[in-house]
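Working notes, beginning with the structure itself.
The values are calculated or read from the model by the stated rules, or taken from the named source; none is laboratory data. None of the values given here were measured: they were computed from a predicted structure. We place every Cβ from the backbone using ideal geometry, glycine too, and count neighbours over all the protein chains shown. Ligands, DNA and RNA are excluded from the accessible area calculation, which covers all protein heavy atoms including side chains. Shrake-Rupley method; radii C 1.70, N 1.55, O 1.52, S 1.80 Å.
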Amino acid sequence: MPNAGSMGAAKGTVMKPLITKDTPVTDEVLNTIAHLPTRSLSKIVDDGFFKKLADRDFMRIAFLLAKKGYEEGGSPIGGVIISNETRQIVGKGHNTLVQENHPYNHGETSAVRDAGRQDFSQTTMFTSLSPCDICAALIYMRQFKRLVVGDVTNSSGNEPILRQKGVQVDILEDPEGVSFYAKYRKEKPNQDLEDWQGLAAVRKAAAGRS
């Protein structure tokens, strides 16, 4: 069995990407990309792999990020930001209302934080759910070129505003993502309401039922 030293790359050599342009596009591979740190993707994923991904594949990554958030006990909303020129992922994330005790870190804001200081007019954002007012404002204030929305069945409303602000908005629903969010909303209605409108809305709703 090779020792630890022999398993590493020799000094001065360049490590070959583990995911190449010839790697099949499967849920397993997309889930791996969803879970890897964004900064590591350029070393692990070949440029050619990203270039062959269709919009539905990036939306699938957004859903897989949403699912990751749900499995952590949070709200299932994921976001992915790609370069329009290279199709490489420059930022991604998921809602952390519960995990970080963060009242407005939604899938979209999480992805923007992950991307850092970028010229977002050269990018496209994929979000697994129609953006709330806060996220919609962030998208047009940072001048995103394009937004692709994966679910307008469970929520919608800000798409016309974003289009008026000059953002190209496309709808690309992921059927599994739509049904998954509906299931979550039924399981945790208070958490869902808090995520959208805050604990004040949860309190008012409870008072209205009493």
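Scanning for something in contact with a Gly (Cβ under 6 Å, 6 or more places away or on another chain) and either more than 30 Å from N190 (Cβ to Cβ) or outside any strand (DSSP E or B) (or both), does the stretch 84-91 turn up at least one residue? So that I can check it myself, show each step before the final result.
Keep residues of the stretch 84-91 that are in contact with a Gly (Cβ under 6 Å, 6 or more places away or on another chain), which gives none.
Scanning the stretch 84-91 turns up no residue that is in contact with a Gly (Cβ under 6 Å, 6 or more places away or on another chain) and either more than 30 Å from N190 (Cβ to Cβ) or outside any strand (DSSP E or B) (or both).
Open to solvent by less than 40 Å² (accessible area, probe 1.4 Å), of a type outside the set (D, E, K, R), modelled with pLDDT of 95 or more and within 16 Å of S75 (Cβ to Cβ), is that true of S128? Quick ask: steps written out before the conclusion?
On the way: open to solvent by less than 40 Å² (accessible area, probe 1.4 Å): yes; of a type outside the set (D, E, K, R): yes; modelled with pLDDT of 95 or more: yes; within 16 Å of S75 (Cβ to Cβ): yes.
Here the answer is yes, as S128 does meet what is asked.
Mind checking which pairs have a first residue in the stretch 129-141 that is part of a helix (DSSP H, G or I) and a second that is hydroxyl-bearing (S, T, Y), Cβ under 8 Å, 6 or more apart or different chains?
Partner pairs satisfying both residue conditions: I134/Y104; I134/T109; C135/T109; C135/T127; L138/T109.
Cβ-Cβ below 7 Å, separation at least six or inter-chain, first residue in the stretch 78-99 and farther than 25 Å from D195 by Cα, second open to solvent by 50 Å² or more (accessible area, probe 1.4 Å) and among the acidic types (D, E): which pairs?
Close Cβ pairs (under 7 Å, with a partner that is open to solvent by 50 Å² or more (accessible area, probe 1.4 Å) and among the acidic types (D, E)) amount to T86/D47; Q88/D47.
G73: within 16 Å of D192 (Cβ to Cβ) and of a type in the set (G, A, S), yes or no? Don't jump to the end; show me each part of the working.
On the way: within 16 Å of D192 (Cβ to Cβ): yes; of a type in the set (G, A, S): yes.
The answer is yes for G73.
Got a sec? Which of T109, T86, T96, T124 is within 19 Å of I171 (Cβ to Cβ) and β-branched (V, I, T)? Before you say what the answer is, go through the steps one by one.
Numbers: T109 fails: within 19 Å of I171 (Cβ to Cβ); T86 fails: within 19 Å of I171 (Cβ to Cβ); T96 fails: within 19 Å of I171 (Cβ to Cβ).
Being within 19 Å of I171 (Cβ to Cβ) and β-branched (V, I, T) holds for just one of T109, T86, T96, T124, which is T124.
Please list, ordered by first then second residue, the pairs with beta carbon atoms under 7 Å, 6 or more apart or interchain, first in the stretch 162-175 and more than 16 Å from L138 (Cβ to Cβ) and part of a strand (DSSP E or B), second open to solvent by less than 60 Å² (accessible area, probe 1.4 Å) and among the β-branched types (V, I, T).
D170/V148; I171/V149; I171/V152
In contact (Cβ under 8 Å) with a residue 12 or more places away in the chain and of a type in the set (S, T, N, Q), is that true of S179? Spell out how you get there, then give the answer.
Values: in contact (Cβ under 8 Å) with a residue 12 or more places away in the chain: no; of a type in the set (S, T, N, Q): yes.
It is false that S179 is in contact (Cβ under 8 Å) with a residue 12 or more places away in the chain and of a type in the set (S, T, N, Q).
Would a scan of the stretch 52-62 turn up a residue that is assigned to a loop (DSSP other than H, G, I, E, B) and under 23 Å from L18 (Cβ atoms)? Reasoning before the result, please.
At the first step, the residues of the stretch 52-62 found to be assigned to a loop (DSSP other than H, G, I, E, B) are 53-54.
Add one more test, that the residue is under 23 Å from L18 (Cβ atoms), and what stays is 53-54.
Yes.
Across the stretch 92-115, what is the total count of residues that are open to solvent by 30 Å² or more (accessible area, probe 1.4 Å) and not in a helix (DSSP H, G or I)?
Residues of the stretch 92-115 open to solvent by 30 Å² or more (accessible area, probe 1.4 Å): 98-104, 113-114.
With not in a helix (DSSP H, G or I) added as a condition, the list becomes 98-104.
Count: 7.
Take F63 and tell me if it is over 13 Å from the mean Cα position of the chain (by Cα) and either modelled with pLDDT of 95 or more or under 25 Å from V152 (Cβ atoms) (or both).
Working: over 13 Å from the mean Cα position of the chain (by Cα): no; either modelled with pLDDT of 95 or more or under 25 Å from V152 (Cβ atoms) (or both): yes.
It is false that F63 is over 13 Å from the mean Cα position of the chain (by Cα) and either modelled with pLDDT of 95 or more or under 25 Å from V152 (Cβ atoms) (or both).
Tell me the residue from N154, N190 that is open to solvent by 20 Å² or more (accessible area, probe 1.4 Å) and part of a helix (DSSP H, G or I), please. I'd like the intermediate steps shown before the answer.
Values: N154 fails: part of a helix (DSSP H, G or I).
The conditions single out N190.
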